[in-house]
Amino acid sequence: MKTSRIIILLSVLSTVSLIAQNRNDITGLGMGRSSVASSAGIDAMWSNPANLIVTDTTAKEFSISLSPVGAMAGNSIMSMNDLKFYFGGVKSATGKTTARTLTDSERDAFLSKLSEGIIAGSVNVSGLAFLYVLSPTSTIGFSHNTTAEFQANIPSGVADIVAGYTGFKPLSIQNTTANAIVYNSYQVSFASVIKNAEHGSQQSTVQIGVNAKYLQGLYYAEAGSTNSIVVTPYVPTGWDSTKNWDVIINTSTRSAGIANATEFTPTSLLYSSKPSGSGVGFDLGTTITLHNVFESPLLVSASLTDVGFISWSDGKYNTTVAHDTIKAVAQLDESFLDRYQPTTKTQAFTTALSTRFRIGASAMFNDVISQTENIRCAVEYTQGFNMVGVNTTIPRISAGAELLQHGFRPALRLGAQLGGIEGSMITAGFGWNMLNTVAFDVAIGSLQTVFSPKTSKWVDGGFRLRVDL
């Protein structure tokens, strides 16, 4: 081991993401996001802290992640080509862009796309991240992140509103939910080997890891699942527009931090000097390494991440409950809604973090193609437990492979996933490890964006530089 030293690194990570995971692991992104068992060292800090320990004898004492950058944007209902067609406008002969006038068939096609869906986004800004090897069996690390996340659903009744609701049928918009959160996270990580065992010719190693987090809440806003509007004609069939309608309105929102300010800028959103909430959280991870299974180790890993809460001290609740009768369609306008101002009260509240469980396996196959090339394969299952931030309860199954080549030839990665917010996607990536000191990695989270950008609903990619000392 080298002598102790202090390394201070200030770097910036800008991430726009629509998926329920941290974007710092560029290697795992290229392998279909199957990183719980395949990522190691500082790459594993956000997916499985048990794998902070690197068993490779050539591993260095310090690892520093330099400015990893990832970006992802899209939606679950319209392709990029659809968005450009419906919202991009039409250029005139003079070059001026005007709104597009839809034909009846184009209008019907647009309304058919407004089915139930999800939009979401996140930004992660990392100011400091490093790993230090204490011994061959223990490792510590530290990182700081500012996270901003947003998610909202599109209820099925929206198409009726966009089409121009005329009252010929009951209207129901239910479970309109949305939430946004911004917070700082200060994370201390520790991993240790707790058992080495031999059973005949079979050897196994068990290691565990934990991330302990202190959280500062900056912003929170939420529209609860009780938000709804229901309009019912008293005579559903053969109705007369002069007849009375029954209208029920329920709204419920809560907010904290700069969400309660009259105005704010993107800078204040990420760097507010006045936290309005605080909390704690943790990640747990474990890895069992079975040696000599495929003439190389087989890793079986699991992690439970982002378990914790933030308590908001300046919470604000807004609720509206209305049940009224109107006459004819003309009365269902903004003036009707303006009658019902929300009831506001100030009260502290607590929100959970975006908890998720991941389990997977990875194995290295040596000399598969030639004596200078090895292949690492990985599979993973991810399950979210709530819809906080960009988390989702839709499970995701992913698999990936990495071709490792000796010398200066790059590592090549390919992966696929099913489920999650994104649905089915093919991913790819590559990386160089130069002189076992500087590693550079690039990943593309949706190959459809590269080969068919107009039909893709997602844009995803990232790169990062890692230094080992």
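Dipole size in debye (nearest 20) for region 87-193 around its Cα centre, Lys and Arg Cβ +1, Asp and Glu Cβ -1?
Around 300 debye, computed over region 87-193.
Using the 10 angstrom Cβ neighbour count as an exposure proxy, how do Met78, Met434 rank, fewest first?
So the residues, fewest neighbours to most, are Met434, Met78.
Net charge near Tyr381, counting Lys/Arg +1 and Asp/Glu -1 over other residues with Cβ under 14 Å of its Cβ?
+3
May I ask for the net charge around Lys213, where only other residues with Cβ less than 13 Å from the Cβ of Lys213 are counted and Lys, Arg are +1 while Asp, Glu are -1?
Values: positive: none; negative: Asp283, Asp306.
Surrounding charge for Lys213 is -2.
Where a number appears in this text, it was derived from the coordinates with a stated rule and is not lab data. Since this is a predicted model, take the numbers as computed values, not measurements. Please note: Cβ atoms are built from the backbone with ideal geometry, for glycine as well, and neighbour counts cover all protein chains shown.
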